[in-house]
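See structure below.
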Amino acid sequence: MLTFTSFKASLAGTEPPAGLDPTLVALWHDGRGDWDAAHRVAQDIETPAGSWIHAYLHRKEGDEANAGYWYRRAGKPVARTSLDAEWAQIVEALLAELP
């Protein structure tokens, strides 16, 4: 079972863990500092979770208007926490949904 701690530890690798859900793949890339790869993956996720990730990424980019659009699509309030805290919140929420 993948935990938050093991997910964070996987960031030291060169590839995301095998079989990882695309939502977590996007966050894995972002966790490694590759915003572009994270955004490419997030663009293809048409779920509320994908929209939440997309919102976070645009907030990180500094595009507040675009981030607001994606938060609305995700059904989430605009985050006011640090980016690191929001990243952790999303990862933990997605890991909790894994079977």
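The values are calculated or read from the model by the stated rules, or taken from the named source; none is laboratory data. These figures come from a predicted structure and were not determined experimentally. Neighbour counts run over all protein chains shown; Cβ positions are idealised from the backbone, glycine included.
Being surrounded by fewer than 20 Cβ atoms within 10 Å (Cβ to Cβ), within 19 Å of residue 91 (Cβ to Cβ) and not aromatic (Phe, Trp, Tyr) is a property that residue 40 has. Would you check if there is a residue in the range 10-20 being in a helix (DSSP H, G or I), out of contact with any Leu (no Cβ under 7 Å at 6 or more places or on another chain) and closer than 14 Å to residue 84 by Cα? No, that holds for no residue. Assess whether residue 65 counts as being more than 19 Å from residue 93 (Cα to Cα) and either touching a residue at least 60 places away in the same chain (Cβ under 8 Å) or touching a helix residue (DSSP H, G or I) at 6+ places or on another chain (Cβ under 9 Å) (or both). So residue 65 passes the test.
Tell me yes or no: at least one residue of the range 9-16 is closer than 24 Å to residue 68 by Cβ and of a type outside the set (Gly, Ala, Ser). Within the range 9-16 (the criterion being closer than 24 Å to residue 68 by Cβ and of a type outside the set (Gly, Ala, Ser)), the answer is no, since none of the residues qualifies.
The rows are residues; the columns are (1) closer than 16 Å to residue 96 by Cα; (2) modelled with pLDDT under 95; (3) out of contact with any Lys or Arg (no Cβ under 8 Å at 6 or more places or on another chain); (4) of a type outside the set (Gly, Ala, Ser).
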{"residue": "22", "(1), (2), (3), (4)": "yes, no, yes, yes"}
{"residue": "30", "(1), (2), (3), (4)": "no, no, no, yes"}
{"residue": "33", "(1), (2), (3), (4)": "no, no, yes, no"}
{"residue": "59", "(1), (2), (3), (4)": "no, no, yes, yes"}
{"residue": "65", "(1), (2), (3), (4)": "no, no, yes, no"}
{"residue": "72", "(1), (2), (3), (4)": "no, no, yes, yes"}
